[in-house]
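Below is one structure, written out as structure tokens, with a few remarks after it.
The values are calculated or read from the model by the stated rules, or taken from the named source; none is laboratory data. Since the structure is predicted, the reported quantities are computational estimates derived from the model, not experimental observations. When we count neighbours, we look across all protein chains shown, and the Cβ atoms used for this are built from the backbone with ideal geometry, even at glycine.
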Amino acid sequence: MTDKPKSHGRLSISASLQPRDLMGARPRLKGAWTARIVTLFPEAFPGTLGLSLTGKALDQGLWALETIDLRPFGEGRHKNVDDTPAGGGAGMVLRADVVGAALDTAAIGTPADPARWPVVYLSPRGRPLDQGMAHRFAQAEGITLLCGRFEGVDERVLEEYGVEEVSLGDFVLTGGEIAAQALIDATVRLIPRVLGNQASTEEESFSDGLLEHPQYTRPAVWKGRTIPDILLSGHHAKIADWRRAMAERLTKKRRPDLWRAYCERHGRDPDGDQEL
Ligand code: SAH
């Protein structure tokens, strides 16, 4: 993870075009879910993914991370990866030939079927990332993630490689690296054994299309605020009912879109009363 930063100056003539395995000395379990990341900034990884549960799982080889530095695929002495937009306008665009060559390298040894190995470009124009997508990605053998920079990538490369575009949300980031980390985090926590307590993914937000109920812990009274009595009652069935009712109330209020979909699935009237 702490490889020497590469110099992109005159002396860097031997940069490897092979994916760099960020595992280092880490073991890799056979068939471990693998994220291959094409980026101008490999040093951004594993970033926060190296911490806590995702980091521990990475160390244990439950999933793997490989970066492919886009720079060595660049053109000429300066390894240029971008050029001015056709038709004019501000900024620079990542070249199709450069990105294409990096994607060819990323494809080595991966299945061509996008269900088994999706190829994703992080992009504000993409479908917004959601829990359903994270489940789909977790079921694949791995994923290739293309991180854009500047004004993005030449459209032809997206067409040629059948790239799926995924967005982190309706805002514009400076590059795809943070979005890639968010996608990987949401995905690897669904891989068995990555989270110590498997039950926690079944109860949390979106697992049944609802936002999660409020959570409390000690102290029992804080700044005069108490914990709802029911949670201290020890009555598990009533606690479960309360949590579901709170999740429904919260979802109806904050996310009418999720609420309508939930009601449709459960044959409920979205304008009806909650059961509490
Ligand atoms: N000109 C582009 C934005 C480029 S931002 C446009 O208007 O659509 C530079 C890079 O940041 C993009 O190529 C993409 O990889 C990444 N990025 C920016 N916003 C993002 C978002 N909401 N979700 C995922 N990736 C994003």
### Query
Which ranges mark the helices (runs of 4 or more DSSP H) fully within segment 62-176 that have 1 or more residues being farther than 25 Å from Ile191 by Cβ?
96-107, 155-160
### Task
Inspect segment 49-69 for any residue being away from the ligand (no atom under 15 Å from the Cβ), buried (at least 21 other Cβ atoms within 10 Å of the Cβ) and either over 25 Å from His135 (Cα atoms) or not assigned by TED's automatic domain parsing to the domain that holds Ala138 (or both) and give the result as yes or no.
yes
### Query
Mind checking whether some residue in segment 203-213 is away from the ligand (no atom under 16 Å from the Cβ) and of a type in the set (Phe, Trp, Tyr)?
yes
### Task
Please state which of the following conditions Gly91 fails to meet, knowing it meets all the rest: (1) more than 13 Å from the ligand (Cβ to nearest atom); (2) touching a residue at least 12 places away in the same chain (Cβ under 8 Å).
(1)
### Message
Cβ contacts < 7 Å: first residue closer than 26 Å to Ile108 by Cα, restricted to segment 119-131; second residue of a type in the set (Phe, Trp, Tyr) and near the ligand (Cβ under 7 Å from one of its atoms), any location; separation 6+ or different chain. Result?
### Response
none
### Message
On the basis of being buried (at least 19 other Cβ atoms within 10 Å of the Cβ), within 20 Å of the chain's Cα centre (by Cα), in contact (Cβ under 8 Å) with a residue 12 or more places away in the chain and within 16 Å of the ligand (Cβ to nearest atom), does Pro42 make the cut?
### Response
yes
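Take Val163 and decide whether it is crowded, with 21+ Cβ neighbours inside 10 Å, at pLDDT 95 or above, more than 8 Å from the ligand (Cβ to nearest atom) and more than 12 Å from the chain's Cα centre (by Cα). Can you show your working first?
Working: crowded, with 21+ Cβ neighbours inside 10 Å: yes; at pLDDT 95 or above: yes; more than 8 Å from the ligand (Cβ to nearest atom): yes; more than 12 Å from the chain's Cα centre (by Cα): yes.
The answer is yes for Val163.
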### Task
Return a yes/no flag: does segment 242-249 have any residue that is outside any helix (DSSP H, G or I) and surrounded by 11 or more Cβ atoms within 10 Å (Cβ to Cβ).
no
### Message
Restricting to segment 102-142, and then to whatever is within 21 Å of Ala32 (Cα to Cα) and in contact with a helix residue (DSSP H, G or I) (Cβ under 6 Å, 6 or more places away or on another chain), can you tell me which residue is surrounded by the fewest Cβ atoms within 10 Å (Cβ to Cβ)?
### Response
Ala138
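Can you tell me which of Ala101, Ala96 is more than 21 Å from Ile178 (Cα to Cα), modelled with pLDDT of 95 or more and away from the ligand (no atom under 16 Å from the Cβ)?
On the way: Ala96 fails: away from the ligand (no atom under 16 Å from the Cβ).
Step by step, each of Ala101, Ala96 is checked, and only Ala101 is more than 21 Å from Ile178 (Cα to Cα), modelled with pLDDT of 95 or more and away from the ligand (no atom under 16 Å from the Cβ).
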